[in-house]
Every structure is written in C-alpha cells, then in structure tokens.
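Asks: Sharing a structure with you now.
FYI, it's all coordinate maths here, none of it is from the lab. Here the structure is a predicted model, which is why all the values come from computation and not from measurement. Cβ placement follows ideal geometry from the backbone for every residue including glycine, while neighbour counts extend to all protein chains displayed.
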Amino acid sequence: MVQIIGRLTGDAEIKTIGDKDVVNFTIAINDYYKPKGKDERIDQVTFVQCGYWFNVAIAASLRKGAVVEAGGRLFPTAYLKGNEPQGRINMQVQHVKVHVFAKKDEPQQERAQGGLFEENNQAEEDNTKNDKSGKAKSNKSKSGKAKPQSQQNLVGVGTAETSDDLPF
C-alpha cells in the first residue's frame with residue numbers, strides 16, 4: 001500500500017459502473033529539486049488519478065483545493081493519443097483523509113457543480129432566524145456585522161442544520 005498527500009485539482013465526480021458507484025478525483029503532488037551546482041529550483045508536479053469505491057458520501061468533502069491523504073494501490077496505464085504514447089498514474093484508493101477542506105464557494109456555484117448544497121428557501125424578511133427555543137436569532141456575528149448571504153442560508157443535503165457537518 002502507498003500513501004500520498006496532495007491537493008485536489010477539481011471536485012470529485014461520482015460515476016456509475018455497472019451497478020456500483022465510484023468517486024473519481026485527481027491529486028496533484030507538488031515537489032521540487034535543485035540540480036547539483038545550480039541555485040535555481042525546478043518545480044515538478046505529479047498527477048495521480050484516483051478511484052474510491054467504498055462510500056460515495058465522501059465526494060461532498062472532496063472539492064477543488066482540498067489537501068487530502070490517500071492510501072491504496074498504484075498502477076500505471078499506457079495508451080496512444082493519436083500516434084503519441086501517453087501514460088497515467090492511477091490509484092485504487094482504500095482510504096481517504098481530508099487534512100484541509102476547500103474554501104466554500106457561492107451557493108449557485110456549488111449547486112451547479114453537483115448539487116452538494118441547496119439554499120434554505122424560507123423567507124427571512126428581517127434577516128433573523130428562530131432557534132429551537134423560539135427566540136429570534138440575528139444573523140450578525142460577534143463583531144456586529146451581518147454574515148454574507150452565501151453563508152446564511154446554506155443547508156447541507158442530508159445533513160444537520162449547518163453546512164459544517166460532515167456526511168461521515
């Protein structure tokens with residue numbers, strides 16, 4: 001088993017193959033080296049195409065820019081593109097751990113990228129919200145400033161009241 005740590009190059013995609021679902025994502029591993037006798041640094045990026053077959057709920061956390069650790073089995077794939085030989089590094093992932101979550105986008109962008117979140121459609125005329133005790137709760141932070149609209153009405157699909165709850 002091999003362990004890699006890197007950044008996701010895009011949001012995870014769920015594909016159905018036969019009767020099973022797979023979560024596909026790509027990890028970029030950044031590295032550099034300095035040749036002997038030279039002062040300039042040479043950056044090198046390795047891309048690893050990953051497939052995770054165990055739980056598709058993890059796809060909600062695998063968003064572009066997140067730092068993840070993945071463990072599994074590496075295998076190469078060779079193919080021809082036109083007359084040019086090409087290669088790719090693949091990983092059959094057995095476990096995934098998110099170290100740094102990606103920043104949240106605007107709600108419309110998130111819905112367009114797979115419907116991971118939906119807006120709470122309740123009318124809030126005066127920007128207040130009732131908590132469980134029935135008291136009006138303001139959408140203002142401790143500094144007295146109102147939270148941006150993109151953070152006020154986000155509700156995770158299939159999760160609790162806040163979008164910070166994880167599906168696993």
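Asks: Quick one: which residues, 5 or more positions from ASP11 or on another chain, have an amide H under 5 Å from its amide H? H modelled 1.01 Å from N in the peptide plane, none for Pro or chain starts.
Replies: LYS64
Asks: In what sequence, highest mean first, do 81-88, 69-76, 3-10 appear when ranked by Cβ atoms within 10 angstrom?
Replies: The peptides rank, most packed first, as 3-10, 69-76, 81-88.
Asks: Label points 7 Å out from Cα along the Cβ direction at LYS103 and LYS15: separation in nm?
Replies: Inter-label distance under the simple model: 3.1 nm.
Asks: Apply the a/c threshold of 1.5 to the C-alpha gyration tensor of the range 2-100 and tell me whether it is rounded, prolate or oblate.
Replies: Cα axes put the range 2-100 in the oblate bin.
Asks: Going 7 Å from the Cα of ALA28 in the Cα-to-Cβ direction, what parts of the range 46-62 have a backbone nitrogen less than 16 Å from that spot?
Replies: Only 46-50 pass the distance filter.
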